[in-house]
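The values are calculated or read from the model by the stated rules, or taken from the named source; none is laboratory data. Please read these numbers as outputs of a predicted model, since none were measured by experiment. Quick reminder, even Gly has a Cβ in these numbers, built from the backbone with ideal geometry, and neighbours come from all protein chains shown. Remember, those area values only see protein heavy atoms, side chains included, never the ligands or the DNA or RNA. Shrake-Rupley method; radii C 1.70, N 1.55, O 1.52, S 1.80 Å.
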Amino acid sequence: MQYLSTRDSALRVSAQEAIVRGLAPQSGLFVPETFPQADLDAWKNLSYPELAEKVLAGFLTDYSADFLHTATASTYGAAFGGKAGETVRVRDGLYSLELWHGPTCAFKDYALQLMPKLLVEAKKMLGRTETTRILVATSGDTGKAALAGYADLDGIEIEVFYPNDGTSEIQHLQMATQKGENVQVYAVQGNFDDAQTGVKKVFADADVAAELEKRGIRLSSANSINWGRLVPQIVYYFYAYFRLAEQGAVEWGKPVDFCVPTGNFGDILAGYYAKQMGLPVGRLVCASNKNNVLTDFLRTGTYDARRTFYKTTSPSMDILISSNLERLLYHVSGSSEKVAGWMQELSATGKYTVDAETLAKIQQSFAAGYADDADGAAEIKARFDGDHYLCDTHTAVAFRVAETRRTDAPMVVLSTASPFKFPRDVLTALGVKAPTSDFAAMAALTAGTGAEAPTSLRELDKLEVRFKTVLQPADIRTAALR
């Protein structure tokens, strides 16, 4: 399997090279040249690690079978407490794919517990001996998951940049208390887009690359712009479908809809890849919060980031520049020239409009909707009161949007974070006056609902805060050159 750039389809690299590089030249993204086809009948009874091995083998053809077997078995075992791909009935026709049972209590663990293994193995196979410095922009969850995955790995350094005052207290402490000699964490004045744009500029800066090369360092990424982040996320769409079929919730071969709380478009794009592989996916519903740039695009074909940025109670979705949409544009248009033009227009003017044919193809697979903070809060209460199901603020957005986009097919909502990562907002939604501390709120949420907070979150306030530096976006370049 070869990988090409969304902005230059003449470029071809191996999976190893795509994962080591992270970003293609001219800020393009690597995409697979074809989609391997799934053997649904052979896969339906596999364990989660076994299924992951099969899916990855189709895309990562230059990795050995022995490596993929060992990597998936060691990743999706004890760290997920036997709940990898946990699919829960909320009520008839509505299901929750709980993706927060990993070590950092967010869906990013599925990729970022595996991706470090993929990177280290790729460097070994390519004979690379330089230090890999990973730059990560995060709206909250990616940062901690990446730090946990890469901490103290030989030959790896990692720097994480998150929006100052743009995460929950829990998310901030997860990053600021991270242990490891090879990790560095920075708050950035501004929002996630400021941090992401700053990191992308560093990747595109030839002078930075030349200076680091003199010191035996090369840059890479752990954001979902890196193919190594996306490919592991395809697996849980298959696993959820198989569990619904096993439970008799869907007739074998009939479609299932998925509703995904979406910021950078990576998680929902993984569902599109699963569909291209032959999984019976009906509609992929893109659920946005008040920063609803994706909703407008999927309805009109115009992507316009020139709008007010809102800080919401679902901060991991507070994004106006959704990087992975570029991959979808390439797949449906088939033209790297078109994609490069749209992305240049976005950079220059803050907006672009795709042609009618491209939009029509997108709308064959995708629907969209959004919910503001009040809608999300009402959904948290409705799901708990009506179904005794407790969810976080991001999942609540998806539940609310899912209700407006239902078909006759079963609907699976991707639950992307533990409710205990945002305990004050969840408590408030349930009609309880929340304490000022997230840790007191966790205790109150347990007392009020009977749900148990993950130990890793409860004990965060006992850890040393190691990282306190706040940067301006322009200083990201300097930090990358440290």
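Observations, loosely collected:
- When 87, 75, 61 are checked against the criterion of being modelled with pLDDT of 95 or more, open to solvent by 30 Å² or more (accessible area, probe 1.4 Å), polar (S, T, N, Q) and out of contact with any Cys (no Cβ under 6 Å at 6 or more places or on another chain), a single residue qualifies: 61.
- Sole residue being on the phi > 0 side of the Ramachandran plot and in contact (Cβ under 8 Å) with a residue 12 or more places away in the chain, chosen from 127, 143, 155: 155
- Verdict on residue 316 being under 27 Å from residue 395 (Cβ atoms) and in contact with an Asp or Glu (Cβ under 7 Å, 6 or more places away or on another chain): yes
- Restricting segment 21-55 to residues that are closer than 29 Å to residue 202 by Cβ and open to solvent by less than 10 Å² (accessible area, probe 1.4 Å), the residue that is modelled with the lowest pLDDT: 22
- Output for segment 100-111, where each listed residue is open to solvent by less than 10 Å² (accessible area, probe 1.4 Å) and under 11 Å from the mean Cα position of the chain (by Cα): 106, 109, 110, 111
- Wholly within segment 350-435, helices (runs of 4 or more DSSP H) carrying at least 2 residues that are of a type in the set (A, V, I, L, M) and open to solvent by 40 Å² or more (accessible area, probe 1.4 Å): 356-365, 373-387
- For segment 72-86, residues that are within 20 Å of residue 380 (Cβ to Cβ) and in contact with a helix residue (DSSP H, G or I) (Cβ under 6 Å, 6 or more places away or on another chain) total 0.
- Residues of segment 169-199 classified as among the small types (Gly, Ala, Ser), modelled with pLDDT of 95 or more and closer than 11 Å to residue 138 by Cα, total: 1
- Strands (runs of 3 or more DSSP E) completely within segment 219-319 that count 1 or more residues being among the small types (Gly, Ala, Ser) and either in contact with a strand residue (DSSP E or B) (Cβ under 6 Å, 6 or more places away or on another chain) or buried (at least 22 other Cβ atoms within 10 Å of the Cβ) (or both): 281-288
- Test: residue in segment 118-140 that is among the charged types (D, E, K, R), closer than 30 Å to residue 426 by Cβ and open to solvent by less than 30 Å² (accessible area, probe 1.4 Å): no
- Evaluated against (1) assigned to a helix (DSSP H, G or I); (2) surrounded by fewer than 19 Cβ atoms within 10 Å (Cβ to Cβ), residue 175 falls short on exactly one condition, (2).
- Within segment 4-14, the residues that satisfy the criterion of being open to solvent by less than 20 Å² (accessible area, probe 1.4 Å) and under 24 Å from residue 196 (Cα atoms) are 4, 5, 6.
- Subset of segment 320-346 [in a loop (DSSP other than H, G, I, E, B) and either under 24 Å from residue 276 (Cβ atoms) or among the hydroxyl-bearing types (Ser, Thr, Tyr) (or both)]: 322, 323, 324, 334, 335
- Matching residues in segment 201-212 - criterion: being assigned to a helix (DSSP H, G or I), touching a residue at least 40 places away in the same chain (Cβ under 8 Å) and either β-branched (Val, Ile, Thr) or open to solvent by 50 Å² or more (accessible area, probe 1.4 Å) (or both): 201, 202, 208, 211
- Of all residues making up segment 447-456, the number that are without any contact (Cβ under 8 Å) to a residue 12 or more places away in the chain and on the phi < 0 side of the Ramachandran plot: 3
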